[in-house]
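K.L.:
Before I ask anything, let me first share the structure, which is written out below as structure tokens.
Rule-based calculations on the coordinates, nothing more; no lab input. Keep in mind that what you see is a predicted model, and the values were worked out from it rather than measured. For neighbour counting, all protein chains shown are included, and Cβ atoms are generated from backbone atoms with ideal geometry for every residue, glycine included.
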Amino acid sequence: MTTPRLFPGWQIIDGAGGGYIAIRLVLVPSASGLSNVRCGATLAELHRHLEEETRRRRPRASQVVAPPSSESPAEIGS
């Protein structure tokens, strides 16, 4: 199976009722917005779900928000 090499950090197992389950080897906090477990009826579906997880983990530069400034808007322009 090539999926583990494509998605390091995940353990892929067969689901008891069919399908596949990916379990993150190093758990992330629930507030992170990421999943610790992903499932798929087929390896192709699981692959798509893990790709989604990878995209959510690496936001594009346009999605990165700068931290709020402690200066008031009037001070920034001076």
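K.L.:
Take the residues of segment 17-45 that are part of a helix (DSSP H, G or I) and out of contact with any helix residue (DSSP H, G or I) (no Cβ under 7 Å at 6 or more places or on another chain): which is nearest to residue 5 (Cα to Cα)?
P.N.:
This residue is 44.
K.L.:
Turning to a different aspect of this structure: Being in contact with a Ser or Thr (Cβ under 8 Å, 6 or more places away or on another chain), within 19 Å of residue 57 (Cα to Cα) and surrounded by 12 or more Cβ atoms within 10 Å (Cβ to Cβ), is that true of even one residue in segment 2-9?
P.N.:
Yes, because at least one residue in segment 2-9 is in contact with a Ser or Thr (Cβ under 8 Å, 6 or more places away or on another chain), within 19 Å of residue 57 (Cα to Cα) and surrounded by 12 or more Cβ atoms within 10 Å (Cβ to Cβ).
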